[in-house]
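The block underneath contains the structure these notes are about, expressed in structure tokens.
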Amino acid sequence: MSGFGGFLLRRTLGTVVTLLAISVLVYVVFYATPGNVAQISCGPRCSPAQVHQVAEQLRLGDPLYLRYWHFLEGIVAGQDLSTGTSVAHCSAPCLGVSYQDDQQVTGIILTKLPVSLSLVAGAMVLWLVIGVGTGVLSAWRRGRFTERVLTGLTLAGWATPVFVLGLVLMIVVCGQLQLLPFPQYVGFGEDPEQWAWNLLLPWLSFALVEAAPFARLTRAAMLETLAEDHIRTFRAYGVSERTIVVRHALRGALAPVIALNANNVGSAIGGAVLMESLFGLPGIGQELVHAVKVVDLPVVTGMVLVIGFFVVIANALADVLFAVADRRVVLA
Amino acid sequence: MSLVDVSGLTVEFGALRAVDGLSFTLEKGAALALVGESGSGKSTVAGALLGLHRGTGARVGGTVRVAGTDVGAASEQELRRLRGAGAAMVFQDPLSSLDPYYAVGDQIAEVLRVHGRISRRAARARAVEVLDRVGIPDAARRARSRPHEFSGGMRQRALIAMSLACSPDLLIADEPTTALDVTVQAQILDLLHTLREETGMGLLLVTHDVGVAAESVDEVLVMRHGRQVEHGPVADVLGRPAHAYTRALLDAVPRLDARRDTSVAGDEVVLEATGLRRRFGRGRRAFDAVDDISLTVRRGETLGVVGESGSGKTTLGRMLVGLLEPTSGTVRHDGRTRTGTDPSVQMVFQDPVSSLNPRRSVGESVADPLRARGEKDERAVRERVTGLLERVGLEAAHYDRYPHEFSGGQRQRVGIARALAAEPRVIVCDEPVSALDVTTQAQVIDLLGELQRELGLALVFIAHDLAVVRQVSDRVLVMRRGRAVESGPADRIYEQPQDPYTRQLLAAVPALDPALAAERRAARREPAVA
């Protein structure tokens, strides 16, 4: 296969293989470790009978590869889970059951995921605008006062811990000025306006801190592209500096920005614990911390898989974006 | 009023005076070449004509008038109007001079839209028109291709098309053919000639290659250290140079008809390759970079290997040294088949800048092969390296200096000293002088000749420059697409070439005599008419 279609096919296959590899790794780490997996999964307060039942559901009697196959089957096709007295169907993607909460893991994640996605999506838009904008401006105004101010602000942004900035903003904006409400998550489906209004402050604090690396990266990449020969060509043909910066230099500088963004988005979905805790947003990060604290093994496993899924997908999307931006990638 | 009027132009970068009081004029429709070696300031002059030094920190003095615009006094807006519409520039490296992200046609259309009120569609149509004009086949379709889908020659044609887009009065070409193969160079120079005849635009050609100038212009201005050395009609300057530097420059230019002076070739075979083949890539993308090449090299002999880019000469050289294993075929020397590298076959690389470690002193670099052979005695190492440095025309005190402190020619001498350190019997030189100015080139070639006579070295001299190869070689191998097109004694190959490709290559080399150049251009044009 060649051309863009072939590239997409190769990249998709690569993504699937990576996801499978992650699932093997996660399964082995959590379910093939020494110790009584059934006891750990069930929690410290389980009776021996309950532990026995969990052991059966996890098919601990089977060899490891069969157990993994069963686990994978659940994710792809769903499975029936017997709780002794009744049989509950767990539809695909089935990540098992939290024995401590007596809830399906998929359900737990699905209630938390919209919160995390909302937070990251909005913050991403802002950090791209602020970060890339700052980077472009400071490359363009290199050596002038504007650049020095922007570089200083970038450094400050880099050095500020997210909880400090968030806390200060919250006290000032919500407490003293009362411009925004103290954030409280409202579903997008319930009331889009309140959703945005409540998330505005978390978005802004998250983005201000995350924008710093983008600003630096964009500035460096822009300066590199601006020194290239083809930029000189367009200068020598009377193309205005603004067109050169926006149309030619920024285009060339986008590749590393796309890559960094993929990494940030992927890890922010599960890793924005500080943000979520600070603003009281019930997202994936908070739930993961809770599950780890009470050693709720199925929930931890499921969460780690979901976070891994987003990191891989974000990177795959970035690769496709690369190829759309620069067709030479397809050839490599 | 003249098309270009430069008077007392001075350009300074910090403490360096790159151009020093240069004055010249160029009339409408005329062609002038600025000729000089690297660092002579010729490209700086070209940039000054378009005001490209503005905002770079360079200090520009004197006055420059181009197509009625006073470049020094013009506003940003007036300058932008001049650039592209009044005077357009073609750059040296067609690989990097176009934006890799946009279709070639769109880039030309963009320039058009900067300079006139013209719809997107009309700009695209005009782009196709100029691409067709410069000989891009199937221009309507190729206008949508990105630069990486074009060959080097096609990219240079596309850049020339861009320069034509706004019908400028002046074309400034800064080393337009330096990165191209000799046959493609001839095509581009012919194209520039035809375009000039048709449009009546003036040409300012910047080049280090006297032959290229002889082919293309009416007048020549020789530059050195930012100053004018000599200025006059091309036939006078090249035929009856008045200035000693011009004479030295012309003498250093390798000529196709210059035979090798003395040969010290012996009979003993020191290197023998049989059926060498090297395949790169897999499946349908696989290709043979070198395809069934056999050769022998004798003691004291120089074998020249010539070919255009992609002909497989470097791959061949690397296999001879053992840096690359052949896919099939054998390399033998001293009667045994060799795998991997061997001290008795050494290499001198093309780029003296990147083939020396910038963080180590040159003495240490030259000492590497000695240490690799197990020499432990530091005093002996230093003594031997000092001897080698002196042997290649450097000084003992240079041992502790770093590569950036040396000129290109000196660095190549270090490279040669390093190759000599292992006491080789064969040295494979891969384009050893192509990065050097002609006068430096001549010195390095002389050095290699001396060493050969003294030490009985066998040389494999790989180069794209046919004249240089003629000058140094006893026998010549002509390569094309991985295969040997023709091989034999140098005189026979150059005086009675058998293969049509060899003939084509030789015919494409620029002649130093403008009259002969015009004659050959006419000859090249005839088959196209027929």
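The values are calculated or read from the model by the stated rules, or taken from the named source; none is laboratory data. Remember, it's a predicted structure, so these values are computed and weren't measured experimentally. Counting neighbours? That spans all protein chains shown, and the Cβs are built from the backbone with ideal geometry, glycine included. Only protein heavy atoms, including side chains, enter the accessible area calculation; ligands, DNA and RNA are left aside. Shrake-Rupley method; radii C 1.70, N 1.55, O 1.52, S 1.80 Å.
Residue B:13 contributes about 80 Å² of solvent-accessible surface, heavy atoms of the protein only, 1.4 Å probe. Listed values for region B:435-450 are Karplus-derived 3J(HN,Hα) couplings in whole Hz (6.51 cos²θ - 1.76 cosθ + 1.60, θ = phi - 60°), namely 8, 10, 5, 4, 5, 5, 3, 4, 5, 5, 5, 4, 4, 4, x, 4, and x replaces Gly and Pro.
Over chain B, what per residue volume does the convex hull of the Cα atoms give, in whole Å³? Please report the intermediate quantities before stating the final value.
Numbers: hull volume 90.9 nm³, N = 530.
Here the figure is 172 Å³ per residue.
Each listed q (0.10, 0.11 Å⁻¹) maps to a log10 I(q)/I(0) for the protein assembly as shown, found by the Debye formula over equal Cα scatterers with no solvent: -1.18, -1.28.
Heavy atoms only, probe 1.4 angstrom, no DNA, RNA or ligands counted: give me B:324, B:203 ranked by accessible area, highest first.
On the way: B:324 35, B:203 5 Å².
Correct descending sequence by accessible area is B:324, B:203.
Annotation for region B:465-530 versus region B:377-414: alpha-carbon center distance of 38 Å.
Scanning residues 5 or more positions from residue B:347 or on other chains, those with amide H under 5 Å from its amide H are B:428, with H placed 1.01 Å from N in the peptide plane. Here the sum of -39500 (n - 2.57) over DSSP H runs of 4 or more residues, divided by the residues of chain A, equals -23500 deg cm²/dmol at 222 nm, to the nearest 500.
Taking 8 Å as the Cα distance limit and 6 or more residues as the minimum spacing, I'd like the relative contact order of chain B as a percentage.
RCO, chain B: 15 percent.
In the frame of its principal axes, region A:181-263 has Cα extents of 55, 23, 18 Å, reported largest first. Helix B:362-372 and the longest principal axis of the Cα set of chain B meet at an angle near 40°.
Quick one: grab the alpha carbon gyration tensor of region A:228-307, order the square roots of its eigenvalues as a ≥ b ≥ c, and give me rounded if a/c is under 1.5, else prolate or oblate depending on whether a/b is larger than b/c. Please report the intermediate quantities before stating the final value.
Numbers: a/c = 7.48, a/b = 3.64, b/c = 2.06.
Taking the square roots of the gyration eigenvalues as a ≥ b ≥ c, region A:228-307 is prolate.
Burial annotation for region A:289-332: residues with an accessible-area loss of at least 40 Å² between the isolated chain and the complete set of protein chains, computed on heavy atoms with a 1.4 Å probe, are A:327, A:328, A:331. Lacking any other cysteine beta-carbon closer than 4.7 Å, the following Cys residues of chain A have no compatible partner: A:174.
In terms of the mean number of neighbouring beta-carbon atoms within 10 Å, the peptides B:326-334, A:251-259, B:304-312, B:127-135 order highest first as B:304-312, B:127-135, A:251-259, B:326-334. A cut-off of 5 Å between modelled amide H atoms, ignoring neighbours fewer than 5 places along the same chain, links residue B:223 with B:35, B:36, B:229. Considering chain A, its Cα convex hull presents a mean projected area of 22.3 nm².
Inside 10 Å of the C-beta atoms of B:89-98, what's the mean count of C-beta atoms belonging to other chains?
Numbers: counts 5, 2, 5, 1, 2, 1, 2, 6, 8, 4.
Other-chain Cβ atoms within 10 Å of each residue's Cβ, averaged: 4.
Close amide-amide hydrogen proximity is noted between residue B:270 and B:297, B:298, B:299, each under 5 Å apart and 5 or more residues distant or on a separate chain (H modeled in the peptide plane; Pro and chain starts excluded). Which angle between 0 and 90 degrees, to the nearest 10, do you get for helix A:297-325 versus the longest principal axis of chain A when only C-alpha atoms count? The two axes meet at around 30 degrees. For region A:119-173 versus region A:40-64, the inter-centroid distance based on Cα atoms is 50 Å.
Computed from backbone phi with θ = phi - 60° and the Karplus coefficients 6.51, -1.76 and 1.60, the 3J(HN,Hα) list for region B:13-21 is 10, x, 7, 8, 9, 6, 10, 10, x Hz; x is used for glycine and proline. For region B:36-45, the Karplus equation 6.51 cos²θ - 1.76 cosθ + 1.60, evaluated at θ = phi - 60°, returns couplings of x, 7, 4, x, 7, x, 5, 5, 4, 4 Hz by residue, with Gly and Pro reported as x. Counts of other chain beta carbons within 10 angstrom of each beta carbon in peptide A:224-231 average 4. In region A:110-327, the portion of solvent-accessible area held by carbon and sulfur atoms comes to 68 percent [1.4 Å probe, whole percent, DNA, RNA and ligands not counted]. Would you mind pulling out the separation of the Cα centroids of region B:234-289 and region B:16-31, in Å? Here the two parts' Cα centres lie 33 Å apart. Counting only protein heavy atoms and using a 1.4 Å probe, the accessible area of residue B:465 comes to about 50 Å².
Counting every pair of alpha carbons in region A:3-105, the share spaced more than 24 Å apart comes to 31 percent. When only Cα pairs under 8 Å and 6 or more residues apart are kept, what is the percent relative contact order across region A:3-105? The normalised contact order for region A:3-105 reaches 18 percent. Each chain gives up part of its surface: A and B jointly bury about 2400 Å² of accessible area, both sides summed, for a 1.4 Å probe.
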